[in-house]
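Q: Below you will find the structure I want to go over with you.
The values are calculated or read from the model by the stated rules, or taken from the named source; none is laboratory data. Computed from a predicted structure; not experimentally measured. Surface accessibility is based on the protein's heavy atoms, side chains included, excluding ligands, DNA and RNA. Shrake-Rupley method; radii C 1.70, N 1.55, O 1.52, S 1.80 Å.
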Amino acid sequence: MPHSIAEPQSLVLIAEDEPEIADILSAYLQRSGLRGVHAADGRRTLDLHLSLKPDLIVLDVQMPCVDGWQVLSEVRRRGNTPVIMLTALDQDIDKLMGLRIGADDYVVKPFNPAEVVARIQAVLRRARPGGDQPTRRFIRLGRLQADLESHEIAVQNDGRFLPLPLTLTEFRLLVHLMRAPHRVFGREELLVACLPEGEALERTVDSHVSKLRKKLEAVGLGGIPASVRGVGYRLGSVS
């Protein structure tokens, strides 16, 4: 069969510490016209993400050196590389579902490699300009508007949007809550998704939320984010 001129093959970074699984996925990717490169631990994954700039990462949760949650958090700080998480059957599904805000999809082990490749292709299509869904550059909720390109959040007052003086961590927390304003987010989930490496205590989340709440109160948005005793925080209604 003659070969047609095609677009460059998409590069998929397979972050998986079990070489047998990585080899199977690589073979199925190649069969589907995609390229695969393997990283056996989280630190190597982050190094290859910087050097190779893959089009997508298939990321196992239980990775040595740096686990999958930390890798996902760092990848999200760097940009918008699509990520599909791999998780064992005994993984905490609630936590996993929460990470759908940060991850583009997830697959539970054991899995059908053909299905994984189909999901990879679907996520890649969505990620391309003009793909299945447009890239969201702004999030608007009530009087709040988040600019995901400039990392700024503004509040509407008398028809004008005035910027909020937020730190980067406060911006990440508020955007995370804005994406699902009525959902309660646990402190550990917010810690993984929003806070820089090295801040490993859940009470650090409380401190950042407290400062964020004071800044929102100063512009007339009182009582948010709301505390949910024994669980965490939710944004709630923004009017």
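Q: Round to a whole angstrom and tell me the spacing of the C-alpha centers of the range 33-72 and the range 224-238.
A: 33 Å
Q: For the range 11-127, I need the span (max minus min coordinate) of the C-alpha atoms along each principal axis, in Å, sorted largest to smallest.
A: Rounded to whole Å, the extents work out to 33, 31, 28 Å.
Q: Compute the distribution of all C-alpha to C-alpha distances in the range 144-239, in bins of 5 Å from 0, and list the percent of pairs in each, rounded to whole numbers.
A: Spelled out per bin, shortest first, that is 2, 14, 26, 27, 19, 8, 3, 1, 0.
Q: What accessible area, in Å² to the nearest ten, does a 1.4 Å probe give for Met63?
A: 20 Å²
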